[in-house]
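Beneath this line is the structure, given in structure tokens, with notes to follow.
The values are calculated or read from the model by the stated rules, or taken from the named source; none is laboratory data. Given the structure is predicted, the values throughout are model-derived calculations rather than measurements. Positions of Cβ are backbone-derived with ideal geometry, glycine not excepted, and every protein chain shown enters the neighbour counts. SASA here: full protein model, heavy atoms, side chains in, ligands and nucleic acids out. Shrake-Rupley method; radii C 1.70, N 1.55, O 1.52, S 1.80 Å.
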Amino acid sequence: HRARPGHRAAHPVHITLRARAGLPSFRESAIFGALRDAIAASAESTILGNSFRILHFSVQTNHLHLIVEATDEAALSRGM
């Protein structure tokens, strides 16, 4: 992918995560539940601490949109 522009902590970031072709829909109950649980677990992560947080997410059939905050580029990379 293209290199991200420099990150500033004051600016939230929009992230899109796409599924590989041929996988089941992210909106299927079990898959959506696993995604929701993983997002909730990220809020309690001791690895990420207060350096990364997911503000909003949207689950589509073959991709996921996230609006996140990170204190710096390293925290953004770790959170991803």
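Sorted by accessible area (1.4 Å probe), largest first, how do F52, F26 line up? Mind showing how you got there, number by number?
Numbers: F52 15, F26 35 Å².
I get F26, F52, largest accessible area first.
Among A75, L23, L55, whose Cα lies farthest out toward the positive end of the dipole of the chain, if unit charges sit on the beta carbon of Lys, Arg (+1) and Asp, Glu (-1)?
L23
Between helix 29-43 and the chain, what is the angle of the helix's C-alpha long axis to the longest principal axis, kept within 0 to 90° and rounded to the nearest 10?
Value to nearest ten degrees: 10.
Once label points are set 7 Å from the Cα along Cα→Cβ at both A19 and R36, what is their separation, rounded to one decimal in nm?
Computed distance between label sites A19 and R36 equals 1.6 nm.
Could you give the nm distance between label points at S29 and E73, where each point is 7 Å from its Cα heading toward the beta carbon?
4.5 nm
Any chance you could look up the accessible area of I31 with a 1.4 Å probe, heavy atoms only, rounded to 10 Å²?
50 Å²
Roll a 1.4 Å probe over the protein heavy atoms and report the accessible area of H7 in Å², nearest 10.
Roughly 30 Å² of H7 is accessible to a 1.4 Å probe.
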